[in-house]
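All remarks here apply to the structure that follows.
The values are calculated or read from the model by the stated rules, or taken from the named source; none is laboratory data. Quick caveat, the model's predicted, so the values are computed rather than measured. Here the Cβ positions follow ideal geometry from the backbone for every residue, glycine too, while neighbour counts run over all protein chains shown.
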Amino acid sequence: MSDNARQDKVTRAARRAVLVEGTPVLVLGGAALMLGSTPDASPSQQVGWLVATALFVAAVVWVVYRAFGRADEYQRKVQLESMAVGFAAVLVGLQVAVALDAADVVPLPRLAQSLVVGGIAIWLVVADLRTRLQR
Amino acid sequence: MKNRLRELRAARRWSQADLADRCAVSRQAINAIETGRYDPSLPLAFALARVFGLTIEEIFEPDPT
């Protein structure tokens with residue numbers, strides 16, 4: 001196997017590791033989203049939502065920590081720039097959500113979690129595309 | 001910043017992966033430096049200079065402004 005092929009295999013393995021770790025994160029995010037979308041939640045549903053959200057946040061931190069630990073300085077730069085794009089999307093989305101909330105169209109709490117999960121999804125997609133396309 | 005990385009690497013018949021292994025970075029990082037999309041940190045520039053047995057100034061030069 002050539003050196004380039006071996007290095008590409010290492011890169012693919014790292015990407016696969018992020019997917020393997022990131023999939024449970026997205027599932028937790030979806031679960032937290034569904035549990036939190038009930039307007040008249042019972043106390044047990046609220047506890048479930050809190051637990052799912054706490055696990056989701058902890059899992060995001062864990063995946064980011066692991067991904068940064070594996071990355072070199074160029075890959076960290078790509079990750080940080082991708083995070084910036086995701087964060088910008090969340091900020092813009094929050095402004096829109098606040099406007100929708102003020103107009104009594106959709107309540108802000110219901111949109112907030114979708115925005116966070118959407119921002120993370122944008123960050124992961126941008127990071128993946130940048131590492132895939134820039135060879 | 002311009003650099004002679006590709007030229008120096010080719011002279012030694014190293015692949016990007018060879019150089020990446022010697023500097024303990026990814027092949028994407030070497031590719032990004034060679035194509036001018038990324039300016040390396042000072043520690044990585046020193047590592048590259050050490051691998052080639054040159055000084056940083058012999059590999060990198062600032063863009064004329």
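So, in the stretch A:35-51, of the ones that are at pLDDT below 70 and part of a helix (DSSP H, G or I), which residue ends up nearest to A:LEU115 (Cα to Cα)? Spell out the reasoning first.
Within the stretch A:35-51, the first condition is being at pLDDT below 70, and the residues that meet it are A:35-39.
Next, only the ones that are part of a helix (DSSP H, G or I) stay: A:35-36.
Working: A:LEU35: 15, A:GLY36: 13 Å.
Of everything passing the filter in the stretch A:35-51, A:GLY36 is nearest to A:LEU115 (Cα to Cα).
Annotation note: of A:ARG16, A:ARG12, the sole residue that is among the basic types (Lys, Arg), over 24 Å from A:GLY119 (Cβ atoms), at pLDDT below 75 and out of contact with any Phe, Trp or Tyr (no Cβ under 6 Å at 6 or more places or on another chain) is A:ARG12.
The criterion of at least 2 residues that are more than 14 Å from every other protein chain (Cβ to nearest Cβ) and either touching a residue at least 12 places away in the same chain (Cβ under 8 Å) or in contact with a helix residue (DSSP H, G or I) (Cβ under 6 Å, 6 or more places away or on another chain) (or both) is met, among helices (runs of 4 or more DSSP H) falling completely within the stretch B:2-65, by B:5-11, B:42-52, B:56-59. Listed conditions (1) closer than 30 Å to B:ALA29 by Cβ; (2) at pLDDT below 75 are all met by A:ALA121, apart from (2).
A quick yes/no check of all residues on (1) part of a helix (DSSP H, G or I); (2) of a type in the set (A, V, I, L, M):
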{"position": "A:TYR74", "(1), (2)": "yes, no"}
{"position": "A:GLU81", "(1), (2)": "yes, no"}
{"position": "A:ALA97", "(1), (2)": "yes, yes"}
{"position": "A:ASP104", "(1), (2)": "no, no"}
{"position": "A:PRO109", "(1), (2)": "yes, no"}
{"position": "A:LEU115", "(1), (2)": "yes, yes"}
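Determine if the stretch A:103-114 includes at least one residue that is surrounded by 18 or more Cβ atoms within 10 Å (Cβ to Cβ) and in contact (Cβ under 8 Å) with a residue 60 or more places away in the chain. Looking through the stretch A:103-114, at least one residue is surrounded by 18 or more Cβ atoms within 10 Å (Cβ to Cβ) and in contact (Cβ under 8 Å) with a residue 60 or more places away in the chain. Number of residues in the stretch B:23-46 that are farther than 25 Å from A:ARG132 by Cβ and surrounded by fewer than 16 Cβ atoms within 10 Å (Cβ to Cβ) equals 3.
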